[in-house]
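K.L.:
Sending over a structure as structure tokens; questions will come in a sec.
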């Protein structure tokens, strides 16, 4: 089952306007310098909590919570994510996902099965700067493929960009806005990098 590196039993900030329980999945293939959760980067770190414990909590909170959010790290790294989502939905919970889009084929399966009610999509940079931000050469192609899937799906979503001044200056942000407009996407909410989050 999924490997969990952290868990917020009650959150008001992970799905706008919703009261959720948020599961922070362990592991991420990208290495953004401003990562807010660097402890979640190693994929095989000891689990903080079991999925069974989270499920028991969700069962007790059906009707009290608006849903559950799978965050990270990068939740799509978890091969059993779809199974976990189905179990949460079977309890009556809506499901949100935070992702950077690193695994478009896995993302497509979740969207095709109608397993997601909302997505918070982290847009890291305009395509030409993705490698600089993430440290991974193919990140831009994966992110764009996932973003196109999201836009085509009609699933409610929010695009977010963390602004690291070392990588996203005014021209880069203009390029980002132009790229998103070209895809038919709305603007991304800009988040200020937290200095304390730098690994």
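Bear in mind these aren't lab numbers, they're just calculated from the coordinates by the rules spelled out. Quantities reported herein were computed from a predicted structural model and do not represent experimental measurements. Here Cβ is always computed from backbone atoms with ideal geometry, including for glycine, and neighbour counts include all displayed protein chains.
K.L.:
Modelling each spin label as a point 7 Å along the Cα-to-Cβ direction, I'd like the residue 191/residue 145 distance in nm, to one decimal.
P.N.:
Spacing of the two 7 Å Cα→Cβ label points: 2.5 nm.
K.L.:
Oh, and also: Could you work out how far helix 139-153 tilts from the main Cα principal axis of the chain, as a 0 to 90 degree angle to the nearest 10?
P.N.:
Compared with the principal axis, the helix lies near 60 degrees.
K.L.:
Just want the ordering: 70, 103, from fewest to most Cβ atoms lying within 10 Å of their own Cβ.
P.N.:
Numbers: 70 27, 103 22.
Placing the least packed residue first, the sequence is 103, 70.
K.L.:
Using only Cα atoms, locate the centre of segment 46-72 and the centre of segment 150-183, then give the distance between them in Å, rounded to an integer.
P.N.:
30 Å
K.L.:
What's the exposure ranking of 13, 25, 35, going from fewest to most Cβ atoms within 10 Å? Before the final figure, lay out each step's value.
P.N.:
On the way: 13 10, 25 25, 35 17.
Ranking 13, 25, 35 by Cβ neighbours within 10 Å, fewest first, gives 13, 35, 25.
K.L.:
Where is the GNM fluctuation largest for the chain (alpha-carbon springs, 10 angstrom cutoff): 18, 106, 129?
P.N.:
Comparing 18, 106, 129 in the GNM, the peak value goes to 18.
K.L.:
At a Förster radius of 30 Å, what calculated FRET efficiency corresponds to the Cβ-Cβ distance of residue 47 and residue 152, to the nearest 0.05?
P.N.:
Efficiency, rounded to the nearest 0.05: 0.30.
K.L.:
Quick check on the chain: helices-only [θ] at 222 nm, where DSSP H runs of length 4 and up contribute -39,500 (n - 2.57) each and the sum goes over total residues. Nearest 500, please.
P.N.:
It comes out at -9500 deg cm²/dmol, rounded to the nearest 500.
K.L.:
Oh, and also: Using the 10 angstrom Cβ neighbour count as an exposure proxy, how do 175, 39 rank, fewest first?
P.N.:
Going from sparsest to densest Cβ surroundings: 39, 175.
K.L.:
Gaussian network model of the chain, Cα springs within a sub-10 Å range: biggest mean-square fluctuation belongs to which of 29, 171, 42?
P.N.:
Largest GNM mean-square fluctuation: 171.
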